[in-house]
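Q: Got a structure for you, questions after.
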Amino acid sequence: MRHDHLITSKQLSRADIETVLDRAAEIADDPDAVANRHANAVLGLLFFEPSTRTKMSFETAMKRLGGSVVDMGSVESSSVKKGETLADTVRVIEGYADSLVLRHPKQGAAAMACEFVDVPLLNAGDGAGHHPTQTMLDLYTIRENAGLDDLTIGIMGDLKYGRTVHSLSYALTNFDTHQHFISPESLQLPREVVYDLHQQDDTQIREHEALESVLPSLDVLYVTRIQRERFPDENEYQKVAGEYQIDLETLEDASDDLTIMHPLPRVDEIAPEIDETEHAAYFEQAHNGVPVRMALLDLLLSGGETDE
Amino acid sequence: MSDDHDHHDGNADHELRVSKIQDGTVIDHVRGGQALNVLAILGIDGSKGEEVSVGMNVPSDRLARKDIVKVEGRELSQDEVDVLSLIAPDASINIVRDYDVVEKHRVERPAVVEGVLSCPNADCITTDGEPVTSRFEVLDDAVRCSYCETITREGIAELIDTN
C-alpha cells in the first residue's frame with residue numbers, strides 16, 4: 001500500500017485492503033515483533049468532536065508501535081476556539097508530528113486538510129462522510145468471521161448519516177458481495193453513495209425497509225444506531241425504532257452462522273441477550289481496532305514497506 | 001455549417017424578435033428559461049448600461065424551446081463559457097464583429113470547475129471559512145463537490161458564486 005493519506009475507503013483497491021488486513025493479522029499474532037518499530041515517531045491527534053473508541057485505539061496503536069502521541073485536546077481548550085481555521089491547525093501540528101489523525105464534524109474536512117500537509121493524514125471521521133479506518137477494522141472482523149467473498153451482508157439502521165456505513169459499502173465493492181441496506185425511508189443511503197455504488201459494475205445492492213425478508217440469507221448483519229435526534233418528530237422515531245432492534249426472537253429465522261456487528265456505541269439496537277451468543281462480534285470488532293490501526297500506521301509511516 | 005437553422009435559416013419572425021448586434025457575443029441554444037441565469041453568470045444586471053437582447057422560449061428544432069442572449073460589445077472568456085456550459089450544455093457561442101459571425105463554437109463541459117460554485121451542503125468544510133477554493137467535478141447531468149461529494153442536479157445556477 002502506497003498512499004500519502006487515508007481519506008476515504010474509495011481510494012483503496014482490493015490489494016490495498018488485503019495488505020492492511022494481512023499486516024494487521026501478523027501484528028495481532030505477534031505484537032512484540034513491532035513493539036519498537038516506530039520508537040521515535042509521534043502521532044498527532046486532532047479530534048474536533050468527541051470520540052472515545054477511535055481516539056483511544058489510535059493512541060494505543062501508536063504506543064504499541066513504540067511511538068508517542070500529541071493531543072490537541074478538546075476544541076474548547078484549543079486555538080480553534082479563537083477562530084483558527086482547520087487549514088492553519090493542521091499546518092501547525094504537522095510540525096510536531098510524523099502523522100496526523102483527524103476527526104471533524106464537517107464533511108470533506110480530511111480531503112481539504114490533506115492539501116495543506118506533507119505528513120500522512122488519516123481521516124477518523126468527517127461528519128456524515130467517511131470513516132475509512134473503522135472500515136478496515138470492520139473488514140478485518142468480517143474476514144475473520146465470514147470471509148470477504150461470496151458474502152451476503154445486511155447493513156441496517158441510520159444509513160443516511162452513518163459514515164461507517166458509507167465507507168464500508170464502498171470498500172465491499174472490491175469483493176464478491178451482495179449488499180442489502182435496511183432502513184426507514186427517511187434514513188436511506190444518500191444518493192451520492194448510491195450513485196457511487198451503481199458505478200461499480202459487479203456490485204449488487206438492494207434497499208429494504210424491513211429486515212425479515214432478507215435476514216435468512218445474511219452472512220453478516222451490520223447494525224448502526226437509529227439516531228433519535230435525526231427525526232423531527234418523536235412519533236416518527238417511535239414508529240420505526242422498534243423495527244430495527246435485534247433480540248433472540250428477531251433471529252429465529254437467521255442462519256446459525258450469522259455474524260452481528262455494530263460500530264458501537266449501541267443504545268438499544270441489539271439486546272444484551274445477544275451478547276453471549278455466537279452471533280455477537282461487536283466487542284471483538286472494537287478490539288480489532290488496535291491491530292488494524294497499528295497496521296495502517298505502520299504502513300503509512302514506513303511508506304508502504306512491510307519488511308521488519 | 002450552421003447548426004442553428006431554426007434561428008438563422010428558416011424563421012425570419014424569430015430573427016426579428018432579437019435584433020442583430022454589431023460587435024459582441026450571441027449565446028444561442030440556451031435551454032428555455034435559463035437566459036436570466038446566463039446573464040447572472042456574466043454579471044450583467046443592466047446597472048452598467050450594457051446593451052443586451054434576450055429571447056426567451058422561442059421555438060427551436062433542437063431544444064423545442066430555447067433562449068437566446070445577445071451581448072453587445074463583449075466577447076466571452078473561456079472561463080465564462082465553461083461556467084455557462086453547466087446551465088446551458090447545448091449552447092453555441094457566436095462571436096460577432098461588424099455584424100458578421102467570425103467565430104462559432106459549441107460550449108464544452110469541463111471536467112472540473114474551480115472557484116465558480118458554492119457547495120449547497122451546509123455541513124461541507126468549504127462553507128466554513130477555510131482558505132480553500134471550491135472545486136466541483138462536472139458529471140453528465142450534475143456537479144459534485146470534490147470535498148463533501150454532494151451531488152447537485154437541480155438549481156446549479158443558484159450555486160454560482162457571484163462574489
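Q: Points 7 angstrom from Cα along the Cβ direction at A:K82 and A:A210: gap in nanometres?
A: 5.9
Q: At 15 angstrom or more along the helix axis (alpha-carbon based) and mean Kyte-Doolittle of 1.0 or higher, what helices does chain A contain? Whole DSSP H runs only.
A: A:289-301
Q: How large, in percent, is the carbon and sulfur part of the accessible surface of chain B at a probe radius of 1.4 Å?
A: Details: 3480 of 8160 Å².
Exposed carbon and sulfur together represent 43 percent of the surface.
Q: Are there GluC sites (Glu not before Pro) in the range A:255-284 that DSSP marks as loop and that have at most 12 other Cβ atoms within 10 Å, and which are they?
A: Passing both the DSSP loop test and the Cβ count: A:E276, A:E278.
Q: Could you list which residues have their amide H under 5 Å from that of A:R103, counting only those 5 or more apart in sequence or on another chain, with H placed in the peptide plane?
A: Amide H neighbours of A:R103: A:L46, A:F47, A:F48, A:A124.
Q: Let me ask you something else. Please work out the FRET efficiency for the pair B:D61 and A:K239, using the Cβ-Cβ distance as r and a Förster radius of 35 Å; give the result to the nearest 0.05. Could the numbers behind the result be given before it?
A: Values: r = 52 Å, r/R0 = 1.49.
Step by step, r from the Cβ atoms, then E = 0.10.
Q: Let me ask something else. Could you work out how far the C-alpha centroid of the range A:251-272 sits from that of the range A:157-196, in angstrom?
A: 18
Q: Next up: Between A:D257 and A:E284, what length in nm is gained on full extension when 0.36 nm per residue of separation is reduced by their alpha carbon distance?
A: Taking A:D257 through A:E284 to full extension adds about 8.1 nm, to one decimal.
Q: Interface A/B, total buried accessible area with a 1.4 Å probe, nearest 100 Å²? It would help to have the intermediate numbers written out before the result.
A: Details: alone 13930 and 8970 Å², together 21280 Å².
Accessible area lost upon association: around 1600 Å².
Q: Return the sequence-ordered ³J(HN,Hα) values of the range A:102-109 in whole Hz as given by the Karplus equation 6.51 cos²θ - 1.76 cosθ + 1.60 applied to θ = phi - 60°, using x for Gly and Pro.
A: 10, 10, 8, x, 9, 5, x, 4
Q: Just checking the output field for B:120-127: average partner chain Cβ neighbours within 10 Å of each residue's Cβ?
A: Mean shielding count: 6.
Q: Taking 60 Å as R0, compute the FRET efficiency from the Cβ-Cβ separation of A:S74 and B:R106 and round it to 0.05.
A: 0.65
Q: Taking the range A:1-68, which trypsin sites (Lys or Arg not before Pro) meet the DSSP loop condition and have no more than 11 other C-beta atoms within 10 Å?
A: On the way: sites: A:R2, A:K10, A:R14, A:R23, A:R37, A:R53, A:K55, A:K63, A:R64; in loops: A:R2, A:R37.
Passing both the DSSP loop test and the Cβ count: A:R2.
Q: Loop only per DSSP, at most 16 neighbouring Cβ atoms within 10 Å: give me the chymotrypsin sites (Phe, Trp or Tyr not before Pro) in the range B:53-147, ordered by residue number.
A: B:Y99
Q: Express the accessible area of the range B:111-163 per residue in Å², computed with a 1.4 Å probe while the remaining protein chains stay in the model.
A: On the way: 2570 Å² over 53 residues.
It amounts to 48 Å² per residue over the range B:111-163.
The values are calculated or read from the model by the stated rules, or taken from the named source; none is laboratory data. Model, not experiment: these values are computed from the prediction. So basically every Cβ, Gly included, is an ideal-geometry build from the backbone, and we count neighbours across all protein chains shown. To get the accessible areas, we keep the full protein, side chains included, count just its heavy atoms, and leave off ligands, DNA and RNA. Shrake-Rupley method; radii C 1.70, N 1.55, O 1.52, S 1.80 Å.
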